[in-house]
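The values are calculated or read from the model by the stated rules, or taken from the named source; none is laboratory data. What you see is a predicted model; the values in this text were computed from it and never measured. Positions of Cβ are backbone-derived with ideal geometry, glycine not excepted, and every protein chain shown enters the neighbour counts. Note: accessible area is taken over every heavy atom of the protein model, side chains too, but ligands, DNA and RNA are not part of it. Shrake-Rupley method; radii C 1.70, N 1.55, O 1.52, S 1.80 Å.
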Amino acid sequence: MRRLDTTSLLNAYKRGVFPMAESHDDPHLFLVDPEIRGILPLEAFHIPKRLARTVRQDRFEVTLNRAFNRVLEGCAAPAPGRENTWINPLITNLYGALHREGHAHSVEIWQEGRLVGGLYGVAIGGVFFGESMFSRATDASKVALVHLVARLLREGFTLLDAQFHNPHLEQFGLIEIHRHDFHAQLTAALQLPCNFEAPPIEISGAEALDIIEKA
């Protein structure tokens with residue numbers, strides 16, 4: 001396919017498609033529009049009790065957009081059970097540019113000053129397109145997801161795209177819907193004037209849980 005720039009990538013997201021590569025070493029990208037789409041319903045987001053305790057205790061420091069490139073690198077790095085990823089240098093450069101333009105965002109998880117997990121994705125209107133997450137400490141990526149959902153709910157987002165079915169996300173209430181239904185939800189959510197970076201930027205675990213519980 002022709003080389004994507006940030007404008008064409010944002011337009012692709014608005015059509016419900018997103019880019020991937022076959023592997024980290026693949027020099028090309030292709031666009032994906034799954035027939036069956038995985039989403040996390042925000043108002044039905046489920047937090048396991050043990051994880052809720054971890055979040056409430058603030059065992060990690062949680063930040064927003066403080067280390068986007070490092071989160072991207074963490075998601076692209078090999079890990080046990082994930083020796084290869086689809087995040088190639090084209091993806092890294094493209095989403096770095098999206099971040100600088102204010103469209104791509106990261107949630108970072110820190111422990112004793114060390115980055116131990118996080119996630120990143122793209123926000124347009126009332127949609128957050130989740131891209132990838134990584135974890136180097138127990139529950140790190142899960143805590144990032146909880147804080148992401150709290151922020152989305154607080155700011156009025158209505159759609160959290162998980163792209164595909166993922167067994168790891170089933171515990172949080174992941175569902176699968178047909179492409180047609182996803183596109184209908186997408187069209188409505190794109191019209192919303194949501195601001196992912198609205199202050200306060202960082203909140204406590206207790207505040208995040210309270211937002212989710214009241215949804």
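Structure data summary
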{"read-out": "Cα centroid separation, the stretch 174-189 to the stretch 16-30 (Å)", "value": "22"}
{"read-out": "The chain: relative contact order as a whole-number percent, Cα under 8 Å and 6+ apart", "value": "29"}
{"read-out": "All lysines inside 18 Å of Lys49 as judged from Cα atoms, apart from same-chain residues fewer than 8 positions distant", "value": "Lys142, Lys214"}
{"read-out": "For the chain, accessible area per residue (1.4 Å probe, heavy atoms of protein chains only), Å²", "value": "47"}
{"read-out": "FRET efficiency, 1/(1 + (r/R0)^6) with R0 25 Å, evaluated for Ala137 and Arg100 via beta carbons", "value": "0.35"}
{"read-out": "Dipole-positive endmost among Leu29, Ile39, Ser8 within the stretch 1-46 (Cβ charges, Cα centre)", "value": "Ser8"}
{"read-out": "Within the accessible area of the chain (1.4 Å probe), percent carbon and sulfur", "value": "50"}
{"read-out": "DSSP beta bridges in the chain [antiparallel fraction, %, rounded to 5]", "value": "90"}
